[in-house]
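*Asks:* One structure, pasted below without further comment.
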Amino acid sequence: MHMCIDRLKIFIGQICRVLAELTVLPMTLTCILAAWLMQVFADGASDTSSRTHLNCCASCTDFCSPASGNCYEKKGKDYYLECSTRSGDEACPSGYGKPVKGSPCMICPEGTWSSEGMELCQRCSAGSWSDQRGRSSKENCIQCPVGTWSSQEGAISPEACQKCPAGHWSNRTGLGAIGDCQVCPAGTWSSDAGATSAKTCVKCGKGKWSPQTAAVSEEACVSCHPGRYNAQEGASSHLSCLPCRAGTYSSASAATGPEACVACAVGSFSPGFGAVSNKTCSRCPPGTWSDTMAANSQSSCRACPTGTYSHAKGATSAETCWACPKGTYQPIRAAGEEALCIPCAVGNYSDQLGQGSCRFCPKGFYGDGFGLTACHSCPEGSSTAQVGAIRAELCQTLPIKGDSIFP
């Protein structure tokens, strides 16, 4: 029977240690509970000394083992309590507390502290820990280092301090919640956990932007669309992606500067901003031409002059403006086809290329057809009364005065 009780003592002593590690109860209280269990099971034993186990620290002044009921001057092999010489009615010294009202003062376990006169051992606050017993102030609780946090009160080891997650950082100690970790701002990202500086937040590169805070990878950075560019790092808005100016275009994503915008070729123009293809560069219409690069308006297309025409689209030189043939004229600018070259009317002629108008046949000449390059001369001794004669019958014999014929 005594052997069974002894084994039970060892077993309950182990329970004391496990309860202290797994529960939120103060360590001294868990040991008293374990000792009470031991006493209940030991009531039928013939060894009356076992009944003193409930009064473990009541009879000891140094160290007491609830498992064996023995007192020690030094730490024993069994789990032990450090006892105070003060009674349950006296105030506890710093580093000690009463697990229950009226109980003896017992040393504060790991993760706790107390100052002079406090009845209860106080837990180390969130963001701190202590692996030492009998601590006398909260300053004895060690703060979690920079880049970490802990919401656990009464922590007994640095393992309670968790790293700030990726996309976050902290340069302060003793953080008590994950929300105390600073987030990497929009336009940046960080894949490092436990970062201690904002410098670990990597800026999105040029040509990209990100609206996301606390981003954990570069994949959060969005490329500027074709037709736009961004020359700055760490952009947080799509508004940072500037459009290519009118007269240019860009088919590239994530462009990093205006040099990515390609100018519309000569002979074309584009009035829109942010164009993504050279298909947006419209060719100058027939009858016009342009030698301007990156033209942004149709007004850059110059009109072929009167007397000429051009059927070419996207012409790049005035040499594409062809002169209307002799016998015709062209009174308007920007003529787009040869059919607009008009034959000279009867009584008129054109003996040169590219004329904007035809000339009347002079006196003594007549024009009896369309598109003449020269007028017909009246028979000798006759003339017309006015310019622009349209038939031979208008040629009249001139009167003779003396030896001369006067028109």
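Just so it is clear, none of the values below were taken in a lab; they were calculated from the coordinates. As the structure is a computational prediction, the values presented were derived from the model and not from experiment. Counting neighbours? That spans all protein chains shown, and the Cβs are built from the backbone with ideal geometry, glycine included.
*Asks:* Taking every pair of alpha-carbon atoms in segment 237-332, what share in percent sits in each 5 Å bin, from 0 to the bin with the longest distance?
*Replies:* Reading upward from the zero bin: 3, 15, 20, 17, 13, 10, 8, 5, 4, 3, 1, 1, 0, 0.
*Asks:* Which length gain, in nm to one decimal place, applies between Ile332 and Ala91 when the Cα-Cα distance is subtracted from 0.36 nm times their residue separation?
*Replies:* Numbers: separation 241, 0.36 × 241 = 86.76 nm, distance 11.45 nm.
My answer for the length gained is 75.3 nm.
*Asks:* I want to check the label-to-label distance for Ile390 and Leu353. Put each point 7 Å from Cα in the C-beta direction and report it in nm to one decimal.
*Replies:* 3.1 nm
*Asks:* Spelling out what I want: for every residue of segment 327-333, take phi, set θ = phi - 60°, compute 6.51 cos²θ - 1.76 cosθ + 1.60 (Karplus), and round to whole Hz; glycine and proline get x.
*Replies:* x, 10, 8, 9, x, 10, 8
*Asks:* Another one. With a Förster radius of 30 Å, plug the Cβ-Cβ distance of Glu159 and Lys101 into 1/(1 + (r/R0)^6) and report the FRET value to the nearest 0.05. If you can, show how the numbers build up before the last one.
*Replies:* Values: r = 33 Å, r/R0 = 1.12.
Calculated value: 0.35.
*Asks:* Shifting gears a bit: I'd like the Karplus ³J(HN,Hα) series for segment 186-202: coefficients 6.51, -1.76, 1.60, θ = phi - 60°, whole numbers in Hz, and an x wherever there's a Gly or Pro.
*Replies:* Using θ = phi - 60°, the values come out as 4, x, 9, 7, 7, 9, 8, 7, x, 5, 10, 8, 5, 5, 6, 7, 7 Hz.
*Asks:* Sticking with the crude label model, points 7 Å out along Cα→Cβ, report the distance from Ala198 to Asp368 in nm, one decimal please.
*Replies:* 9.9 nm
*Asks:* Amide H of Gly134: which non-local residues (sequence gap of 5 or more, or other chain) have their own amide H closer than 5 Å, using H built in the peptide plane?
*Replies:* Amide H neighbours of Gly134: Cys108.
*Asks:* Short version: ³J(HN,Hα) in whole Hz for each residue of segment 348-359, in order, from phi by Karplus 6.51 cos²θ - 1.76 cosθ + 1.60 (θ = phi - 60°), x for Gly and Pro, what are they?
*Replies:* Running phi through 6.51 cos²θ - 1.76 cosθ + 1.60 with θ = phi - 60° gives 10, 8, 8, 9, 9, 6, x, 8, x, 7, 9, 9 Hz.
*Asks:* Stretched out fully, how many nm does the piece from Asn140 to Glu380 gain, at 0.36 nm a residue minus the Cα gap? Walk me through the intermediate numbers first.
*Replies:* Numbers: separation 240, 0.36 × 240 = 86.40 nm, distance 13.61 nm.
Stretched out fully, the Asn140 to Glu380 stretch lengthens by 72.8 nm.
*Asks:* Right, next: Of Gly381, Gln355, Phe370, whose Cα points farthest to the positive end of the dipole of segment 344-401 (charges on the beta-carbon: +1 Lys, Arg; -1 Asp, Glu; origin at the Cα centre)?
*Replies:* Gly381
*Asks:* To continue, here is another question. If you build the Cα gyration tensor of segment 189-228 and take the root of 5 times each eigenvalue, what three semi-axes come out, in whole angstrom, biggest first?
*Replies:* Numbers: eigenvalues 106, 16, 9 Å².
For segment 189-228, the ellipsoid semi-axes come out as 23, 9, 7 Å.
*Asks:* Normalised radius of gyration for segment 124-181, please: alpha carbon Rg relative to 2.2 N^0.38 Å, two decimal places.
*Replies:* Relative to the rule-of-thumb radius for its length, segment 124-181 sits at 1.07.
*Asks:* While we're on this one: I want to check the label-to-label distance for Lys279 and Glu219. Put each point 7 Å from Cα in the C-beta direction and report it in nm to one decimal.
*Replies:* It is 3.2 nm.
*Asks:* For Asn348, what residues show an amide H to amide H distance below 5 Å, using hydrogens built from the backbone and excluding near sequence neighbours?
*Replies:* Here Cys361 satisfy the definition.
*Asks:* Using only the Cα atoms of segment 127-240, construct the convex hull and provide its projected area averaged over every direction, in square nanometres to one decimal.
*Replies:* Working: hull surface 28.9 nm².
Dividing the Cα hull surface by four gives the mean projection, 7.2 nm².
*Asks:* Also: Excluding Ser115 itself, calculate the net charge of residues whose Cβ lies under 13 Å from the Cβ of Ser115, where each Lys or Arg counts +1 and each Asp or Glu counts -1. Don't skip to the end; give the middle numbers.
*Replies:* Values: positive: Arg135, Lys138; negative: Glu116, Glu119, Glu139.
For residues surrounding Ser115, the net value is -1.
*Asks:* R0 = 56 Å: FRET efficiency of Ala339 with Ser253, Cβ-based, nearest 0.05? Intermediate results must be reported in sequence, preceding the final value.
*Replies:* Details: r = 47 Å, r/R0 = 0.85.
Step by step, r from the Cβ atoms, then E = 0.75.
*Asks:* Hey, what's the Kirkwood Rh for segment 287-333 if you take every pair of different alpha carbons, in angstrom? Intermediate values should be presented prior to the final figure.
*Replies:* Values: mean 1/r = 0.0898 Å⁻¹.
One over the average 1/r among Cα pairs gives 11.1 Å for segment 287-333.
*Asks:* If the limit is 24 Å between Cα atoms, which of Lys138/Lys199; Lys203/Lys279; Lys163/Lys206; Lys163/Lys208; Lys98/Lys138 go over it?
*Replies:* On the way: Lys138/Lys199 32 Å; Lys203/Lys279 35 Å; Lys163/Lys206 30 Å; Lys163/Lys208 29 Å; Lys98/Lys138 18 Å.
Over 24 Å Cα-Cα: Lys138/Lys199; Lys203/Lys279; Lys163/Lys206; Lys163/Lys208.
*Asks:* Right, next: In square nanometres, what is one fourth of the surface area of the convex hull spanned by the alpha carbons of segment 289-386?
*Replies:* On the way: hull surface 26.9 nm².
That works out to 6.7 nm², a quarter of the Cα hull's surface.
*Asks:* Further, regarding this structure: State the three equivalent ellipsoid semi-axes of segment 344-401, derived from the C-alpha gyration tensor as the square roots of 5 times its eigenvalues, in descending order and whole Å. Walk me through the numbers on the way to the answer.
*Replies:* Values: eigenvalues 109, 18, 13 Å².
Equivalent-ellipsoid dimensions as semi-axes: 23, 9, 8 Å.
*Asks:* Now for a different question. Please compute the Kirkwood hydrodynamic radius over segment 93-156, one decimal place, Å, based on all pairs of different Cα atoms. Don't skip to the answer; put the middle values down first.
*Replies:* Details: mean 1/r = 0.0865 Å⁻¹.
For segment 93-156, the Kirkwood estimate is 11.6 Å.
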